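Nothing in this text is a laboratory measurement; each read-out follows from the coordinates by a stated rule. Note that the structure is predicted; figures quoted are calculated from it, not measured. Cβ atoms come from the backbone with ideal geometry, glycine included; neighbour counts cover every protein chain shown.
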Amino acid sequence: MRLTPICRWCGQGPLRPRYSFAASGLAAELGCGPFHLHACQACGAWQVNPHPGPEAAKKFFASPERWQTSLDPDNRPVSPLERAESRRQEYWQYAKALQKWLPESGAVMDVGAGVGLLLSLLGDCGRTKVAVEPNGFAADKAADRGLVVLRSWAEDLAAPKSPLAALIMNQTLDHLPRPDIFLTQARNWLAPGGLLLLGGLINPSCLMARIHGPSFRLFHPFHQVYPTPKAVDKVLAPYGFELVALWRPYFRTPYGSASKFAEALGQTFLKLVHLAPDQPSRAFPGNTVTYLYRKKILYRTIKVKEPAHSSI
Ligand SMILES: [Zn+2]
């Protein structure tokens, strides 16, 4: 575990302690507990600090058990391919928005592409589609979909040879130990008008996190950074990015339905009246947010006032 004294989202601070947890499962085996959540006073992003560095993160995500049938947060056994496929409806929304806003040229790169479902939903968009995925099983499945595959971790990526039309970080960016460093580099990889899709960022200011506090179901040592929508904009706007679309995925995910929504409301009501047993909060709209940003095309002419008389 590493201590970073500044905010790993905006680079400022100071950081204020919020909650402390005992890590469980593989995170505990890797020596990642107890873990502590801090909130940045400058931007509002929450973060695990001390945090798992790149070596621990790579061990965690390279673990074979991540690519076996496992229990999801609702205790349902699902295989990795089923896990990806269950997000098809949700990802389809993102693919349609990307198709609509893609600039005229450039490749589309998905970092942490998994089995390549989102890229494949872009269809024949006339672009090179690059899936960056370190795991061999997932990379093979992405290659089977006809994608160009790069076996690499996000932090080890070299800059692309030509500007990208779109960079996708779907359920990836918040797993990086230093998302601030990655974004500072990757923003330069995009062409003017290029798109940045940040998918599945956990919002610590959402209703469930506010009500359930430390029992919020998505707090985990390998969910390393939790930017609020304001914190996302605070970091991306000065880089010249404008928000194009925003989603709070729920009903199109495997965790959302009318009956589950009602159950979550019931559990939350019992929590508010102090009658709920101590259990993790349920999935709910707004727990995670997906953002589509576009790098502005700047057409600014700087007019220089000519001096009345030349000094020469
Ligand atoms: Zn910050």
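Max-minus-min Cα coordinates of the stretch 1-112 on each principal axis give 42, 37, 25 Å, with the largest extent listed first. Figure legend: label point modelled 7 angstrom from the Cα of Arg145 along Cα→Cβ; residues of the stretch 31-71 with amide N under 18 Å from it are 67-68. Every pair of different Cα atoms in the stretch 71-295 enters the Kirkwood calculation, which places the hydrodynamic radius at 18.3 Å.
For the stretch 1-104, the list of GluC sites (Glu not before Pro) that fall in a loop by DSSP and count at most 15 other C-beta atoms within 10 angstrom reads Glu104.
Please grab the % of Cα pairs in the stretch 150-226 that end up more than 20 Å from each other. Considering the stretch 150-226, 40 percent of its Cα-Cα pairs are separated by more than 20 Å.
Spin-label pair Lys59-Arg18: with each label point 7 Å from Cα along the Cα-Cβ axis, the two points sit 2.7 nm from one another. Converting phi to 3J(HN,Hα) with the Karplus coefficients 6.51, -1.76 and 1.60 and the offset θ = phi - 60°, the stretch 282-293 yields 8, 4, 7, x, x, 4, 10, 10, 10, 10, 10, 10 Hz in sequence order, with x at every glycine or proline.
Amide H to amide H distances under 5 Å link Leu190 with Leu164, where only residues 5 or more positions off or on other chains count and H is placed in the peptide plane. Roughly speaking, what is the centre-to-centre gap between the stretch 50-78 and the stretch 221-280 when only Cα atoms are used, to the nearest Å? Result: 21 Å between the Cα centres.
Under 10 Å, Cα contacts only: if you run a Gaussian network model on the chain, which one of Thr290, Thr69, Thr228 comes out with the highest mean-square fluctuation? Evaluated over the chain, the most mobile residue of the options is Thr69.
Over 21 Å apart at the Cα level, from the set Lys230/Lys271; Lys96/Lys129; Lys58/Lys161; Lys230/Lys260, are Lys230/Lys271; Lys58/Lys161; Lys230/Lys260. Legend note: in the chain, cysteines whose Cβ sits 4.7 Å or more from every other cysteine Cβ are Cys32, Cys125, Cys206. Paramagnetic label reach from Arg2 (point 7 Å along Cα→Cβ; backbone nitrogen cut-off under 15 Å): within the stretch 48-63, residues 48-60. Using a simple spin-label model with pseudo-atoms 7 Å out from Cα toward Cβ, Lys161 and Ser70 lie 3.6 nm apart. Of the residues Asp174, Asp278, Asp140, the one that moves most in a GNM of the chain with alpha-carbon contacts below 10 Å is Asp278.
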